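Written out below as structure tokens is the structure these notes cover.
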Amino acid sequence: MSTVTEAASDTPTPRYRPSQRVLHWLMAIVVISALVIGLYCSYLEQGTALRRALLDVHKSLGMTALVLIAIRLPLRFSFGEPANRPPLGTFIHYAARCTHILLYVLMILMPLAGYTTSAAGGHDLPWFGFFQWPDFLPLDKPLEKTAAQIHEYGAYCLYAILSLHVLAALWHHLFLRDGVLRRML
């Protein structure tokens with residue numbers, strides 16, 4: 001009887017296309033950086049120059065993530081995903097699918113909620129000091145507050161789902177040795 005390790009080593013691991021892999025890892029860097037900076041800013045005193053500067057970087061990273069996801073999703077729908085060899089079990093397959101859907105939803109929701117918070121609050125919408133994003137919303141403090149709450153709780157969800165995603169990838173790579181992580185490397 002063949003083990004998962006033997007089966008994985010008998011056939012080459014199908015991989016995502018290079019464009020998909022580059023976007024995945026670029027988004028990983030952008031999203032994790034935005035999360036770390038956002039969390040750090042939550043501990044800084046409001047109104048300080050450091051907090052304002054870091055929030056400008058955080059906003060820039062968030063809008064970058066939104067642009068990248070707008071490129072990534074059509075590629076994902078066009079090219080699909082490579083087959084898993086060996087195939088994943090039903091539970092693992094659906095758990096992975098749900099996790100990926102939640103990640104995509106959060107990677108869209110978080111920048112939109114952040115944009116709405118800034119725009120409705122009358123705050124700057126910079127992109128790394130090169131330009132300001134257009135402000136399509138009128139000043140609206142209740143909307144700003146609601147969007148800020150969505151952004152805050154969305155961040156908690158993103159911490160959890162992203163951690164689950166990373167731990168699952170490591171579990172597949174280190175323990176199951178089934179090639180799931182190698183598809184994206």
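Just so it is clear, none of the values below were taken in a lab; they were calculated from the coordinates. For clarity, every value in this text was computed on a predicted model and none was experimentally measured. We place every Cβ from the backbone using ideal geometry, glycine too, and count neighbours over all the protein chains shown.
Structural remarks
- Fluctuation leader among Q149, Q20, Q46 - the chain, Gaussian network, Cα springs under 10 angstrom: Q46
- Taking the Cα centre of the chain as origin and assigning +1 to Lys and Arg Cβ atoms and -1 to Asp and Glu Cβ atoms, the resulting dipole is close to 460 debye.
- Annotation note: chymotrypsin sites (Phe, Trp or Tyr not before Pro) in region 78-183 located in DSSP loop regions with a Cβ neighbour count of at most 11 within 10 Å are F130, F136.
- Rg(Cα)/(2.2 N^0.38 Å) for region 34-132, N = residue count: 1.38
- Between V105 and L39, the modelled label-to-label distance comes to 2.2 nm, taking each label 7 Å out from Cα in the direction of the beta carbon.
- Overall form of the chain per C-alpha gyration tensor (a/c, 1.5; a/b vs b/c): prolate
- With Cα atoms, 0 to 90° folded angle of helix 141-171 axis to the chain main axis: 20
- Available extension along the chain between L26 and A70 is 14.5 nm, counting 0.36 nm per residue and deducting the alpha carbon span.
- Cβ-defined net charge surrounding R52, 15 Å radius [Lys, Arg +1; Asp, Glu -1]: -1
- Highest-fluctuation residue, T90, T64, T13 considered, GNM on the chain with Cα pairs under 10 Å: T90
- Per-pair calculated FRET efficiency, R0 = 35 Å: H165 and F130 via Cβ, rounded to 0.05: 0.70
- Sites H173 and Y153 - FRET efficiency at Förster radius 35 Å, r taken between beta-carbons, to 0.05: 0.70
- Dipole orientation for the chain: of the candidates C41, P126, I101, I101 has the Cα lying most toward the positive pole (charges on Cβ; Lys, Arg +1; Asp, Glu -1).
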